[in-house]
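Here, each number is a calculation from the coordinates, and none is a lab measurement. Quantities reported herein were computed from a predicted structural model and do not represent experimental measurements.
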Amino acid sequence: MADTEDVDPLQVRKPPEGLSRAERRVWRETEAVRVAEVRDQARTGGIRSVLATAPPKGLGRSGRRVWREADRDNRSRRMQAEVSGSESDRYVGAMVLTAVIGVVIAMRVLFSGGDEATPQPSTSPPAVTYQVTVTPTKGE
């Protein structure tokens, strides 16, 4: 019976036997790109999708470098998608807010017109009196 164990796609696979040092380095670099793509597809939205994460173990120095580059590219692509989506959301939100304010003002004008239009009967204005005092001048 063949040994078919389930391998986690997020884990770094070991290079096949019999590869030279240069071939193992290339294998780790391709594994780094593969794992970065799998992690990118597994990410959900929110702030965690754009935060940097540590590279997985077993990649070696060149594999970690390639993984960081791939992860950086994936995160920048997600940030661009987030920014382009949020601009249109802002415009839609501003239009909805303007419509709501317009409806509130229209309802206020329609339903509160009778109270302030009726003038209240006023009493006669208060009488104003001026007092003038004459001061004699020297010539008189």
*On a 0 to 90 degree scale, rounded to 10, what angle separates helix 21-42 from the longest Cα axis of the chain?*
40
*Let me have the relative contact order for the chain, percent, based on Cα pairs under 8 Å that are six or more residues apart.*
21
*Give me the angle, in degrees from 0 to 90, between the Cα long axis of helix 60-111 and the longest principal axis of the Cα atoms of the chain, rounded to the nearest 10.*
30
*Among (1) 138; (2) 358; (3) 123, which is the computed volume of the Cα convex hull per residue in Å³?*
(2)
